[in-house]
1. Select the strands (runs of 3 or more DSSP E) contained entirely in region 116-187, then report the ones holding at least 3 residues which are open to solvent by 30 Å² or more (accessible area, probe 1.4 Å).
2. Any chance you could count how many residues in region 324-337 are under 39 Å from the mean Cα position of the chain (by Cα), within 27 Å of His367 (Cβ to Cβ) and assigned to a helix (DSSP H, G or I)?
3. Mind checking whether some residue in region 531-538 is of a type in the set (Val, Ile, Thr) and in contact with a Pro (Cβ under 6 Å, 6 or more places away or on another chain)?
4. Within region 341-350, track down each residue that is open to solvent by 40 Å² or more (accessible area, probe 1.4 Å) and among the small types (Gly, Ala, Ser).
5. If a residue has to be surrounded by 13 or more Cβ atoms within 10 Å (Cβ to Cβ) and either in a loop (DSSP other than H, G, I, E, B) or under 37 Å from the mean Cα position of the chain (by Cα) (or both) to count, how many in region 73-89 make the cut?
6. Would region 372-394 turn up any residue that is crowded, with 21+ Cβ neighbours inside 10 Å, at pLDDT below 95, out of contact with any strand residue (DSSP E or B) (no Cβ under 8 Å at 6 or more places or on another chain) and of a type outside the set (D, E, K, R)?
7. Consider only pairs whose beta carbons are under 7 Å apart and that are at least six residues apart or on different chains; among these, list those whose first residue lies in region 58-84 and is closer than 19 Å to Leu149 by Cβ and whose second residue is assigned to a loop (DSSP other than H, G, I, E, B) and open to solvent by 80 Å² or more (accessible area, probe 1.4 Å).
8. For Ala410, state whether it is without any contact (Cβ under 8 Å) to a residue 60 or more places away in the chain, assigned to a helix (DSSP H, G or I), touching a Leu at 6+ places or on another chain (Cβ under 9 Å) and open to solvent by 10 Å² or more (accessible area, probe 1.4 Å).
Amino acid sequence: MTRPAPQASAATAARPVEALFNPASVVVVGASEDPRKWGNWVARGALRGEARRPTYLVNRRRGQVLGRPAYPSLDQLPEAPDLVVIAVPAPALEETVDAALAAGARAITAITAGAEAGRGGALAARVRAAGAVLLGPNCLGVLDSGEQLELVPNPLPPGSIGLISQSGNLALELGLLAAQEGLGFSRFVSLGNQADLDATDLLDEFAGHDATELIALYVEDFRDGRAFARSAARAVAAGKPVVALAIERGGATTRAVRSHTGALASDGAAIEAACRAAGIERVHTPRQLLDAAQALLRCPPSRGRRIAVLADGGGHGSIAAAVAAEAGLELPELDPSTAGSLRSQLPSGAAVSNPVDLAGGAERDVHTFDRIALQLLGSGTIDGLLITGYFGGYAEYSPAMQAQELHAAALIGDAAGATGRPAVVHTMYPRGPAAAALREAGVPVYESVEQAAKALARLAGRSDRGDRGDHSDGRAHEIPSLPAPEPLVAGDGYESARALLAGAGIRFVPQRTVASAREAVAAAHELGYPVALKALGLLHKSDAGGVVLALAGDAELQRAYAGLQRRLAPERCSVERMAPLPDGVELLIGARWDYRFGPVALAGAGGVYAEVLRDTAVALAPLSQPQAEAMLRGLRCAPLLIGARGRPPLDIPAAAAALVSLSRAAAAHPELAELEINPLLVTPTGALALDARFVRAKVNQQEPTECSSPTAQSSSRSASAPAA
């Protein structure tokens, strides 16, 4: 199979990033005899590759380090250095970088901590002007197993994972976990402060590296999130799965949000949206990263969510079935032909429906496992297999049974390969010889049944998204481009929010702004009763009772107007025709600007309980119509839109069109931090916006300004208890 070659980003296409991994020569500045110092650790690692390339040590005070000549300075080297590793005190960093550039270095790895971290800083600018690249400062180093380049303080196991990490210690933990699972690293880069190179710059380089089969990242700062997502999407399209351990900000950093959208389209939700758009597998712990890597590297692509559970005990089988169902997997009953065949091979007490319980059959013949596994995987009625329980422990009975178990492990791997369907194993003996044989045969092994079920669920999720696993057609995930900014939105009121979104093509309930009871009555006659009355210009309107609904005549409207004036004294009010609330369902649609990924669109259950229900879908904006419809159909409240309990189906395409229009408006107005319609009333014949608001982005660190009406009409709210 030929994979499409990844295309480098414009930012790194002409930069010598490859010199970090396959340099013509290596120089360690600050090389030391002291085994407690970085200069010692890195120098020893560099010397392990001196048969592959010239390696030079620089120490201005010593004539010899680690039994090799030490040069007093970079300008005394016998040749121009290709890669310079700097392990000197922080005050000497900048002059050492300048000396490396003057000597002709194409790449610099700055182990030294304490230097400025700004990408636009003078240090990074000088490096770029010289046509070189800088990794760090404050980094752990770089490794390329195939090139015998070990410029790191601790050994890392070789393998096929390319690791990009902002944390050095976390990378070392991943190395220990990978070794336990028989995995390792083709390349490793510690990003450090990212003064010059960042994760986006390295992704394209890793995607084009033949020995790297999977790219793993630990990321704290995405910088340009969309550029990062595009690089990741290119890697995925080239057949290199990308697994990201990405942290998010805590609640203290989101206190400035002013809308439901701001609260619901959280920092984590934005990361999820970007990962989903790029085809990135997101994880939350180092253990999860290695669990995902096992499945993605060792399993064929899944074709769906139907699995079989194979156990050698009823307890393990029952628990595995429950855990798999909770993970979103399906356990179909086996077809009569398969069940009959299993019945003829297993003891009378065996269960052959699904889960399958061998009921002691493996104690008589361990090869029962591989025979039944092959039959289940080849049955055509399942998409994957979860083996759980005691397999791996039979070796304790006798050397003969150990030999049989090792052979059975290899045959289980053969069965998965022959049928093209994934098999994963949960065993009580994850560090035993059979577990090692399974891993060698390409079968992931997990210590808990939860890990095993989640691995199959992750593979099924990729199938749901259409990720076949090879992308041999060159298809890439699409990261939406941003439109050119439109003129700034004028005004700071409800009318401005309505005007912006109505101009984008979204239908609103008819409305008039009034400044007196007389004007309110005249507006109601023009619009037609019943009407709703809203107080404008208030920041916290839900607490103040700023909305009165279903006013049926002049007298009711006048009393309501007087009440609002007495309690809230708004300068203006909005009179709006009542919408057909009983005919529809209220949704929330909105967008907010994420500081890394740009505009993020949200759809969810709306009205007064939007933040209580938290039934939402999030995606990078602007959206397409198919994307918007998929978001709506994926909500938990989707049955209400499709038509439930005899109700007619609602106009989902119209609601999606409103979401598309809002997402495009948000993408064209970066001056707006948040933009929202809540609720959007979806009926059988269309979608109608009942309220709109926007929040301006902070300027010079000032608090955002909220521009909205009171939350609009809702069948569930009254004049005495308006919604937020």
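The values are calculated or read from the model by the stated rules, or taken from the named source; none is laboratory data. Since the model is a prediction, treat every value here as computed from it, not as a measurement. Please note: Cβ atoms are built from the backbone with ideal geometry, for glycine as well, and neighbour counts cover all protein chains shown. Calculation scope for accessible area: heavy atoms of the full protein, side chains included, ligands and nucleic acids excluded. Shrake-Rupley method; radii C 1.70, N 1.55, O 1.52, S 1.80 Å.
1. Qualifying strands (runs of 3 or more DSSP E): none found.
2. Here the count works out to 1.
3. Checked region 531-538: no residue is of a type in the set (Val, Ile, Thr) and in contact with a Pro (Cβ under 6 Å, 6 or more places away or on another chain).
4. Scanning region 341-350 gives Ser344, Ser348, Gly349.
5. Within region 73-89, residues that are surrounded by 13 or more Cβ atoms within 10 Å (Cβ to Cβ) and either in a loop (DSSP other than H, G, I, E, B) or under 37 Å from the mean Cα position of the chain (by Cα) (or both) number 11.
6. yes
7. Short answer, once both residue conditions are applied: Asp82/Arg106.
8. So Ala410 passes the test.
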